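To start, the structure under review is shown below, and the notes come after it.
Please treat every number below as a calculation from the coordinates, not as lab data. Predicted, not measured: the structure shown is a model, and the values here were computed from it. All Cβ positions, even for glycine, are placed from backbone atoms using ideal geometry, and neighbour counts span all protein chains on display.
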Amino acid sequence: MKQVAPAVPHHIAIVMDGNGRWATRRFLPRVAGHKQGVESLRRCVKACAARDVRVLTVFAFSSENWNRPVEEVSGLMDLMVGALGREVPKLSQDGVRLHFIGERGGLSDKMIAGLVQAETATAHNNRLVLNVCFNYGGRWDIARAAAQLAARGEPLTEANLDAAMALAHVPDPDLFIRTGGEQRLSNFLLWQSAYAELYFSDKLWPEFDEAALDDAIAAFQRRERRYGQTSEQLGAAGSRDQQAA
Ligand code: IPE
Ligand code: IPE
Ligand code: MG
């Protein structure tokens with residue numbers, strides 16, 4: 001019988017956690033960890049594209065991260081503005097299409113201009129969609145979608161909500177990774193992760209390299225996604241496919 005190679009996740013979502021601890025362990029300021037986190041993201045984007053992952057969605061700054069010390073928040077804002085200037089041309093060369101997901105009110109004019117410019121400059125790319133969630137919260141996303149429907153007088157159905165959510169341009173995540181050892185969602189993609197496979201890594205985000213990504217993908221490939229059905233039903237569907245082939 002012909003062996004079918006296990007599928008690579010089409011869409012991977014990542015809570016990039018552990019930058020602060022990475023820095024603190026080295027007696028560095030927390031912002032140095034976030035800088036290293038940008039390097040790790042660059043490596044991860046390349047690795048995902050090389051493995052034929054089509055969508056990568058990362059959590060870069062949560063609605064709740066405003067509650068951190070002011071120096072850290074302003075360090076993160078500066079890092080984002082700097083990264084936009086520096087990284088976008090390289091990402092574009094690699095065929096990456098950027099989307100920024102999150103509440104833009106509250107961000108500086110300079111930052112908003114950078115986000116819009118980066119989205120426009122990469123709009124023609126189609127190798128990998130990179131959604132950067134910045135000033136994002138899952139509850140914000142759901143509430144905003146509901147408010148949009150209410151304003152348009154549309155019924156609050158599951159399909160309408162889905163179409164109004166911030167990630168309506170991509171299918172739901174298949175694999176949800178969180179680095180840094182914590183096993184919680186921290187308000188990331190609450191709606192969209194309904195059937196994502198969850199994977200928690202003890203590695204801190206700056207240490208999450210290609211081998212760690214491969215471990216996560218391999219773990220995903222060992223899972224059985226049942227979507228409410230039984231294992232036997234899936235087996236029957238599988239043998240039907242094989243007969244048809
Ligand atoms: C994640 O790393 C990045 C952001 C939240 C911006 P942390 O800064 O949360 O790192 P730890 O969890 O304190 O180590
Ligand atoms: C989640 O990490 C947010 C990002 C990675 C951007 P946090 O470090 O903010 O999450 P908690 O506070 O540990 O839940
Ligand atoms: Mg953290």
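How far, in nm, would the chain grow between Thr120 and Val8 when pulled straight, counting 0.36 nm per residue and subtracting the alpha carbon separation?
37.5 nm
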Completion exercise
Length gained if Arg225 through Leu190 is fully extended, taking 0.36 nm per residue and subtracting the Cα-Cα distance, is 10.8 nm
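DSSP loop trypsin sites (Lys or Arg not before Pro) in segment 36-76 with at most 16 other Cβ atoms within 10 Å of their Cβ, which ones?
For trypsin sites (Lys or Arg not before Pro) across segment 36-76 that sit outside H, G, I, E and B with at most 16 neighbouring Cβ atoms in 10 Å, the list reads Arg51.
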Exercise for the section: For Lys35, list the aspartates and glutamates whose Cα falls under 12 Å from its own Cα; do not include residues on the same chain fewer than 8 positions away. Expected result: Glu72, Asp78
Completion exercise
Using alpha-carbon coordinates alone, the radius of gyration and Dmax of segment 21-101 in Å work out to 13.9, 39
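How large is the Rg to Rh ratio of the chain when both quantities use alpha carbon positions and Rh follows Kirkwood? If you can, show how the numbers build up before the last one.
On the way: Rg = 19.1 Å, Rh = 19.3 Å.
Dividing the radius of gyration by the Kirkwood radius yields 0.99.
Given contacts defined as C-alpha pairs under 8 Å and at least six residues apart, what's the relative contact order of the chain, whole-number percent? Let's see the in-between values first.
Working: 353 pairs, mean separation 64.4, N = 245.
This gives 26 percent for the chain.
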Problem - Point-charge dipole on Cβ atoms (K/R +1, D/E -1) for the chain, about Cα centre, debye to 20 - result: 340
Handout entry: Distance from segment 54-107 to segment 191-236 (C-alpha centre basis), Å
Key = 25
Exercise for the section: Name the long-range amide H neighbours of Thr122: under 5 Å, sequence gap of 5 or more, or other chain; modelled H, no Pro or chain starts. Expected result: Leu98
Problem - Within the chain, longest stretch clear of exposed GluC sites (Glu not before Pro) (DSSP loop, no more than 15 other Cβ within 10 Å) - result: 1-102
Exercise for the section: For segment 110-245, just the Cα set please: Rg and Dmax, both in angstrom. Expected result: 18.6, 58
Handout entry: For segment 162-170, 3J(HN,Hα) per residue [Karplus equation, 6.51 cos²θ - 1.76 cosθ + 1.60, θ = phi - 60°, Hz, x = Gly/Pro]
Key = 4, 6, 9, 6, 5, 10, 5, 7, 9
Exercise for the section: Would you mind checking the radius of gyration and Dmax of segment 47-180 based on alpha-carbon positions, in Å? Expected result: 15.8, 44
Problem - Most positive-pole-ward Cα, Ala216, Gln192, Leu76, against dipole of segment 11-244 from beta carbon charges - result: Leu76
